[in-house]
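Data block below; observations after.
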């Protein structure tokens with residue numbers, strides 16, 4: 001395997017990083033298909049297809065020097081603003097806005113089944129649709145509309161490779177260098193073939209995948225790549241056996257492929273443009289919250305947040321296959337190695353491990369993490385698959401074939417329609433203590449148990465049960481809202497193109513947003529877990545056991561944000577049991593809470609049979625925003641202070657070392673949290689050699705797996721390096737760290753976000 005970048009990749013990387021500081025061309029803001037005669041009268045799904053076609057025919061195309069994979073995604077972005085031709089009328093937009101829906105309501109978190117495109121091509125899928133159109137019940141007009149719009153999208157998609165075939169052929173005519181001329185002619189040939197026809201070579205497979213991904217990300221659908229080492233392996237293996245592929249050439253192809261995922265990156269503040277409208281706030285953007293923004297040098301009316309350069313791009317490597325056996329292959333190593341050699345943040349690589357993973361694979365992962373860069377994220381198959389099989393009833397062959405999505409969410413690869421809702425635990429605490437109202441705003445956010453409710457909570461068990469009633473109320477509200485709007489979303493935001501690559505949609509004659517997919521997941525994502533557990537623990541100790549204050553006194557102290565009670569705040573911070581320290585007093589509360597949380601998910605699964613309710617823990621990268629909305633809490637946190645990320649202990653509270661963090665986190669059965677609950681760790685090493693560091697980390701990862709850990713992210717970076725990067729960013733442009741939901745360049749973050757990251761406990765191992 002290569003130890004350094006080839007000349008081609010070095011040049012492509014230099015070109016890419018230079019582009020981070022150059023203006024990007026936005027396109028598509030003001031387009032519409034409603035100026036076409038009769039367009040407004042067509043079914044919504046066909047209108048979406050017409051808008052999709054407009055993008056395919058008119059989107060800008062370009063060719064970059066030396067690249068082997070061609071095609072450039074438009075600037076449509078979850079961080080800067082979704083751009084796509086208007087296809088709904090003003091009246092329709094107004095109607096759906098009343099129920100919090102618009103054409104951007106289905107914006108990502110879905111996995112296309114790439115093997116279908118690679119093996120059949122667009123034309124093969126069209127043939128499948130034609131077969132269904134011949135046999136469909138003529139009275140099923142919705143089904144006919146879906147199939148016809150899906151077919152229309154596939155035909156429209158053929159325009160993009162055709163345009164690039166022409167572009168590269170013309171470039172070849174003008175090229176003086178014979179080697180590059182031959183490359184361009186080969187690229188042109190490939191563009192005439194895929195994705196319309198099945199791929200036959202590794203180069204064809206990569207180009208086919210990129211064209212699909214590029215189009216999805218240019219048309220409001222921000223998707224990951226799924227199990228990329230698995231579906232690309234047959235093409236790589238065949239080329240090697242034929243003597244048509246060297247590892248060096250493969251790494252050039254892979255590197256050229258990876259670079260495409262990063263080309264929209266924008267670092268230069270003066271070039272950042274605001275294209276955000278209603279429905280664009282899903283990635284944590286809020287113009288009024290400096291904790292998730294950074295200043296701009298132009299006159300745009302929005303400060304872009306930490307997610308500005310993140311587009312839900314992820315890829316999964318290694319792990320069990322549908323037959324339950326390990327599927328680590330040579331590409332698993334090469335794909336991860338290439339990402340880190342190029343110092344890229346997209347896609348985020350998820351590495352699956354299990355009890356039978358090759359030791360070489362675990363050692364390799366560890367060595368890569370020891371080099372820094374926060375790639376990959378680690379997934380434990382033994383826990384995740386068990387949860388899907390035993391708790392959700394998913395067949396083994398599908399559960400073993402799961403993949404990460406977006407940030408790290410767990411989906412059945414190529415077969416799932418997915419959405420999630422945050423269950424904010426700390427507002428539930430505020431509601432209990434403040435008669436159903438937020439302490440920050442005074443607005444009603446939960447159940448009001450009455451004026452004398454606090455007086456009745458004379459034991460911790462009674463307090464806990466009342467708190468759980470608030471959480472359960474929030475869970476039930478989220479599910480009821482989901483069920484209410486589920487039957488509506490496809491009427492404004494259908495996905496006819498993506499649905500052609502999601503299993504069962506064509507056979508069911510239904511869009512994936514209209515129950516077409518094999519599986520439909522709705523995940524309950526708990527936020528503020530560590531603060532919830534630590535607050536319950538402190539209340540139990542200080543109010544009920546030691547009786548330092550009454551519950552009513554505690555409430556008044558919190559309402560005043562600890563003013564005049566700093567001694568008590570420090571006591572709650574430092575002298576009460578905390579999650580993340582292997583402390584039974586805190587961890588028993590954790591177990592109790594998650595049993596109730598997962599039981600409620602199971603309750604809903606017993607009530608409805610067409611959607612699977614999964615459980616997880618997630619702040620993603622938005623933990624400063626969640627904290628900004630929350631008042632002071634009894635764990636010692638002051639009002640508006642940032643939360644910890646995901647399933648991680650509260651910042652600075654994990655004082656017993658990294659092993660204690662894992663021991664605490666695995667006290668509960670994490671297989672029940674089957675949509676994932678990552679712990680996010682920042683580490684440094686006291687060993688002298690890289691090999692020693694890697695050996696120690698490999699042993700730690702194995703312990704995490706064996707103890708029943710779920711998902712873990714590791715960033716190797718010390719505080720001193722972070723301080724230097726903050727002071728001299730130009731010297732640390734490629735420094736990568738992992739936030740709660742994404743890998744980022746540290747210097748891209750807002751200062752507030754950088755400061756929050758530097759507050760994390762640095763575990764020396």
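What follows draws every value from the coordinates through simple rules; no lab data is involved. From a predicted model like this one, the values you see are computed outputs, not experimental measurements. Every residue, glycine among them, receives a Cβ derived from its backbone with ideal geometry; neighbour counts consider all protein chains shown.
Structure notes:
- Only alpha carbons enter this Debye calculation for the chain, each as an equal point scatterer, and the log10 of I(q)/I(0) it gives at q = 0.05, 0.09, 0.10 Å⁻¹ is -0.25, -0.82, -1.03.
- Relative exposure of 677, 158, judged by other C-beta atoms within 10 Å (fewest first): 158, 677
- Cα-based equivalent ellipsoid of the range 456-497: semi-axis lengths in Å, sorted from largest, via gyration tensor: 39, 8, 4
- Scoring 640-649, 216-225 by mean Cβ neighbours within 10 Å over their residues and listing the highest first yields 640-649, 216-225.
- Note that the range 551-679 carries a Kirkwood radius of 16.2 Å, evaluated over its alpha carbons pair by pair.
- Ascending count of other beta-carbon atoms within 10 Å, so fewest first, for 509, 110: 509, 110
- Across the range 324-455, the convex hull enclosing all Cα atoms gives 198 Å³ per residue.
- Axis angle, to the nearest 10 degrees, between helix 141-157 and the longest C-alpha principal axis of the chain: 60 degrees.
- Between helix 44-58 and the chain there is an angle of about 60 degrees, using the helix long axis and the longest principal axis of the Cα atoms.
- Cα-based Rg / Dmax (Å) for the range 145-278: 17.2, 53
- The listed peptides 18-28, 624-634, ordered by packing as a protection proxy, come out as 624-634, 18-28 (highest mean of other Cβ atoms within 10 Å first).
- Principal axis box of the range 618-676, alpha-carbon based, largest edge first, Å: 32, 28, 18
- Spin-label proximity, residue 476 to the range 589-604 - amide N less than 12 Å from point 7 Å beyond Cα toward beta carbon: 604
- In the range 478-633, inverting the average of 1/r over every pair of distinct C-alpha atoms gives 19.0 Å as the Kirkwood radius.
- Between the range 361-438 and the range 468-498, the C-alpha centres lie 19 angstrom from each other.
- Diffusion constant of the range 632-722 at 10 °C, which comes from Stokes-Einstein with the Kirkwood Cα-pair radius and 1.306 mPa s, µm²/s: 107
- Of all DSSP beta bridges in the chain, antiparallel share, percent nearest 5: 25
- Relative contact order (%) - criterion: Cα under 8 Å, at least six apart; region: the range 111-185: 21
- Here is the size of the range 440-569 from its Cα atoms: Rg then Dmax, 22.3, 66 Å.
- By other beta-carbon atoms within 10 Å, ranking 721, 416, 74 with the fewest at the front produces 721, 74, 416.
- At q = 0.12, 0.14, 0.21 Å⁻¹, base-10 log of I(q)/I(0) for the range 85-160 (Debye sum, equal scatterers on each alpha carbon): -0.52, -0.69, -1.09
- Shape analysis of the range 179-245 yields a ratio of the Cα radius of gyration to the Kirkwood radius, Rg/Rh, of 1.01.
- Compared with the dominant principal axis of the Cα atoms in the chain, helix 178-193 is inclined by about 80°.
- Taking every alpha-carbon pair under 8 Å whose residues sit at least 6 apart, the chain reaches a relative contact order of 15 percent.
- Gain on full stretching of the segment that runs from residue 755 to residue 734 - 0.36 nm per residue minus C-alpha separation: 5.7 nm
- The length gained by stretching the chain between residue 61 and residue 566 to full extension, at 0.36 nm per residue less their Cα-Cα distance, is 175.8 nm.
- Diffusion coefficient, µm² s⁻¹, Stokes-Einstein with Kirkwood Rh over alpha-carbon pairs of the range 402-468 at 4 °C and 1.567 mPa s: 90
- Solution diffusion estimate, µm²/s, Stokes-Einstein, the range 685-765, Kirkwood Rh from C-alpha pairs, 20 °C, viscosity 1.002 mPa s: 151
- Entry for the range 1-100 at q = 0.16, 0.25 Å⁻¹: log10 I(q)/I(0) = -0.83, -1.39, Debye formula applied to identical alpha-carbon scatterers, no solvent contribution.
- When the Cα gyration tensor is reduced to axis lengths a ≥ b ≥ c, the ratio a/c is 1.5 or higher for the range 59-128, and with a/b not above b/c it is classed as oblate.
- Label reach from residue 548 (point 7 Å along Cα→C-beta): in the range 572-587, amide nitrogens under 12 Å belong to 572-577.
- Structural size metrics of the range 609-765, computed from C-alpha coordinates, are Rg and Dmax of 16.6, 56 Å.
- Dividing the mean sequence gap of close Cα pairs (under 8 Å, 6+ apart) by how many residues the range 643-765 holds gives a relative contact order of 34 percent.
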